[in-house]
Amino acid sequence: MNPPSACEIEITVFGPGFGESILIHLGHNTWAIIDSCRDSRSRKPAALLYFEKLGLNPIDCVKLILATHWHNDHIGGLSEVLSTCKSARFAFPLGFNEPQFYKFMKAHAGAPIVDNGVSEIFSVFELLRLERRDYRSVTADFPLLSTKCNVTGVTTTLTALSPSHPDVISFVRYIGSKIPTLGANIGRPPAPKSNDLSVATWLQVGSSAALLGADLEEREASGGWSAVLASDTRPQGKASVFKAPHHGSYNGHHDEVWTRMLTPDVVAIVTPWNRNRGLPNRNDCLRIGRLATQAFVTSRKSNLTPRFGQAVTRVLRDANIKIRRADSPTGRVTLRFDLANLGATWSIDRSEESCQVSNYFDG
């Protein structure tokens, strides 16, 4: 695959069975990275591996790295990405800069038990401190990055749509209540039942747009997608590309997002989550397939469930060892928009590991 031209906008969504990362080319070799995941085969950050394949140097071309939230399926290898992309500004949701979150991270970073991404995000903050890197904390309707095409004069802008202030307050209160007391046994960091903080973004490309939903969930009238819809300062218009939030789960769905923020011929992209019962489920696939003109999942569903005899199963159970389904290979869906082509639409290229939403459960 060749790198995009100076006037081509690109959105590439990566997703193995566990993880998500998005690359955006805003034109003229200016790139943004949203979240990070590791390639399921090489274990390298998917974004850095992609730059290698395109023959691009991320040190020169990546200008923004955005961590939408701190869960480990969105920040795998993030410290390596940040360390490599020396020219990039780091951005994270407002609330990460609060003392409560730093205390929470520091308390859990060295815990001997598998965490929910705390060690990785703590490493990122330590890197920011040691290298004195530039960073921004963002909230709803915050401009992240913008470029202007020298050939067409068209401006491409990436804007944060969330979190809302009520979401930030909810997050800070929750994290503050989970800071371990002195002398307490520190185990697995608690994860909230819903994503209080997650940065959904809007990419405006001339008169076209893409809505990248991160893991933003519908919470209540003052938060989540309801807050995005209620904002009178967010970018207006309708997007023809939609990265479905929270792996296509229904708790990230809002009817009015589809009717007010997306075009009728929208292309939807879902990243899978092969943990517990897995996402998207069959109902999610039916719903998204019905609402979108085209809908893709970045990686096929993994059916590699390990099977053991009774004796082995008993030993694993007694040792409190859980065996998970193996992740499917990392796949991608790439969309490009040519600013120099009048009347252009998004072209779609995807890896063989991806599939249509309607075929996700076909194996």
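Kindly evaluate residue 273 against the criterion of being under 23 Å from residue 40 (Cα atoms), surrounded by 15 or more Cβ atoms within 10 Å (Cβ to Cβ) and in contact with a helix residue (DSSP H, G or I) (Cβ under 7 Å, 6 or more places away or on another chain). Lay out the reasoning, then the answer.
On the way: under 23 Å from residue 40 (Cα atoms): yes; surrounded by 15 or more Cβ atoms within 10 Å (Cβ to Cβ): yes; in contact with a helix residue (DSSP H, G or I) (Cβ under 7 Å, 6 or more places away or on another chain): yes.
Spelling it out, residue 273 is indeed under 23 Å from residue 40 (Cα atoms), surrounded by 15 or more Cβ atoms within 10 Å (Cβ to Cβ) and in contact with a helix residue (DSSP H, G or I) (Cβ under 7 Å, 6 or more places away or on another chain).
Pick out, from segment 249-363, the helices (runs of 4 or more DSSP H) lying fully within it that include 1 or more residues that are closer than 27 Å to residue 24 by Cβ, β-branched (Val, Ile, Thr) and modelled with pLDDT of 90 or more. Break it down stepwise before answering.
On the way: elements: 255-260, 282-291, 310-318.
Hits in segment 249-363: 255-260, 282-291.
Can you name the number of the only condition in (1) more than 16 Å from residue 93 (Cα to Cα); (2) modelled with pLDDT of 95 or more that residue 78 fails?
(1)
Consider segment 19-44. How many of its residues are assigned to a strand (DSSP E or B) and not polar (S, T, N, Q)?
Looking only at segment 19-44, we keep the residues that are assigned to a strand (DSSP E or B), and these are 21-25, 31-34, 36, 38.
With not polar (S, T, N, Q) added as a condition, the list becomes 22-25, 31-34, 38.
Total satisfying the criteria: 9.
Which of the residues belonging to segment 1-51 are among the aliphatic types (A, V, I, L, M) and free of Cβ contacts under 8 Å to residues at least 60 places away in the same chain?
The answer is 23, 33, 47, 48, 49.
State the number of residues belonging to segment 162-178 that are crowded, with 17+ Cβ neighbours inside 10 Å and closer than 12 Å to residue 101 by Cα.
Residues flagged as crowded, with 17+ Cβ neighbours inside 10 Å and closer than 12 Å to residue 101 by Cα within segment 162-178 amount to 5.
One line per residue, one yes/no per condition, for (1) closer than 24 Å to residue 154 by Cα; (2) modelled with pLDDT of 95 or more:
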| site | (1), (2) |
| --- | --- |
| 1 | no, no |
| 27 | yes, yes |
| 49 | no, yes |
| 63 | yes, yes |
| 106 | no, no |
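Would you please name the residue that is surrounded by the most Cβ atoms within 10 Å (Cβ to Cβ), looking only at residues in segment 1-23 that are over 23 Å from residue 329 (Cβ atoms) and either in contact with an Asp or Glu (Cβ under 7 Å, 6 or more places away or on another chain) or basic (Lys, Arg) (or both)?
Out of the qualifying residues, it is 4.
For segment 201-241, what are the residues that are assigned to a loop (DSSP other than H, G, I, E, B) and among the small types (Gly, Ala, Ser)?
Taking segment 201-241 first, the residues assigned to a loop (DSSP other than H, G, I, E, B) are 206-207, 213-223, 231-238.
Answer for segment 201-241, where residues must be assigned to a loop (DSSP other than H, G, I, E, B) and among the small types (Gly, Ala, Ser): 206, 207, 213, 214, 221, 222, 223, 231, 237.
The values are calculated or read from the model by the stated rules, or taken from the named source; none is laboratory data. A quick note: this is a predicted structure, and the numbers were derived from the prediction, not measured. For neighbour counting, all protein chains shown are included, and Cβ atoms are generated from backbone atoms with ideal geometry for every residue, glycine included.
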